Amino acid sequence: MERLRVIKASGQSPLAPCDRCQATGCPWDRIGTNPICPDCQELLAAGEAEPLVERLVAQECTICNKPGAVPYLTFPLHARDPMAIDLCPSHFHALLGRRLDRYSYRILCRQLQEVGLSPKHIFLLHEAFYDERGHPLQPVQEA
Ligand SMILES: [Zn+2]
Ligand SMILES: [Zn+2]
C-alpha cells in the first residue's frame, strides 16, 4: 500500500515564507497549510514554541497504521512537488524531534525507496540526524 503520496498541483507555493518567523529561501515543510522552517520545527519539537493545533486527516499512520494523521507535506530535495507522509501525532512528533526509533526509521526508509527516494532526500531524516542503522544522532531535547 502506498502511504507516501506525491501531491501534484497542490496549489502550494513552494517558496512561501515560514508561517512563524517569515524566513524564506527553501521550500519549507507544510504542517496543515502552514509552511514551517526547520528552525521553527526545532522549537516546536523542543516544546518552546506555541504548540500546533492541527485537525487530523483520515489517513492511517505510515508506521503504526493508527487512523488519524497529522496533515504534513515535505518537499524532497530537488523535487518540484511535495509529498505527504501520513503519521499519527506521536510518530509525527518523533519525526519532528529527530528521535524516531530504529524500527520506525526503517519503515519510513523502505517506503521512501518504494517511491524512488532515500532518507537523504528528506530533511528530517538527514544523515546528520540518524546513522545508517537508524539510530538518532541529534534528537531535539525537550524543554
Ligand atoms: Zn520559521
Ligand atoms: Zn503512528
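Using alpha carbons only, how many angstrom separate the centre of the stretch 83-105 from the centre of the stretch 113-143?
About 10 Å separates the Cα centre of the stretch 83-105 from the one of the stretch 113-143.
Each residue of the stretch 90-99 in order: what ³J(HN,Hα) in whole Hz does its phi give by Karplus 6.51 cos²θ - 1.76 cosθ + 1.60, θ = phi - 60°, with x for Gly and Pro?
For the stretch 90-99, the Karplus-derived couplings read 6, 6, 4, 5, 5, 5, 4, x, 6, 9 Hz, x marking Gly and Pro.
Given Cα pairs under 8 Å that are at least 6 residues apart, what percent is the relative contact order of the chain?
23
Given a Förster radius of 30 Å and the C-beta distance between Lys8 and His135 as r, what FRET efficiency does 1/(1 + (r/R0)^6) yield to the nearest 0.05?
Result of the calculation: an efficiency of 0.30.
To make sure I understand, if each residue's beta carbon is the centre and we count other beta carbons within 10 Å, what order do Ser104, Ser90 fall in, fewest to most? Could you put the intermediate results ahead of the total?
On the way: Ser104 20, Ser90 14.
Lowest to highest Cβ neighbour count: Ser90, Ser104.
How much length, in nm to one decimal, is gained on full extension between Ala79 and Leu15, taken as 0.36 nm per residue of separation minus their Cα-Cα distance? Intermediate results must be reported in sequence, preceding the final value.
Working: separation 64, 0.36 × 64 = 23.04 nm, distance 1.27 nm.
Working it through step by step, the gained length comes to 21.8 nm.
Using just the C-alpha positions of the chain as equal point scatterers, what log10 of I(q)/I(0) does the Debye formula give at each q in 0.16, 0.18, 0.22 1/Å?
Evaluating at q = 0.16, 0.18, 0.22 Å⁻¹ gives log10 I(q)/I(0) of -0.82, -1.08, -1.72.
For the chain, set up a GNM with springs between Cα atoms under 10 Å and report which of Gly32, Gly47, Gly116 has the largest fluctuation.
Of Gly32, Gly47, Gly116, the Gaussian network model singles out Gly116 as fluctuating most.
Give the relative contact order (percent, whole number) for the stretch 9-86; include only Cα pairs under 8 Å separated by 6+ residues.
24
Scan the stretch 40-143 for trypsin sites (Lys or Arg not before Pro) in coil per DSSP, keeping those whose Cβ has at most 11 other Cβ atoms within 10 Å, and list them by number.
Answer in residue order: Arg55, Arg80, Arg133.
Only the coordinates and a few stated rules stand behind these numbers; no lab work does. Every value quoted in this text rests on a predicted model; they were computed, and no experiment measured them. Every residue, glycine as well, gets a Cβ built from its backbone with ideal geometry; the counts of neighbours run over all protein chains shown.
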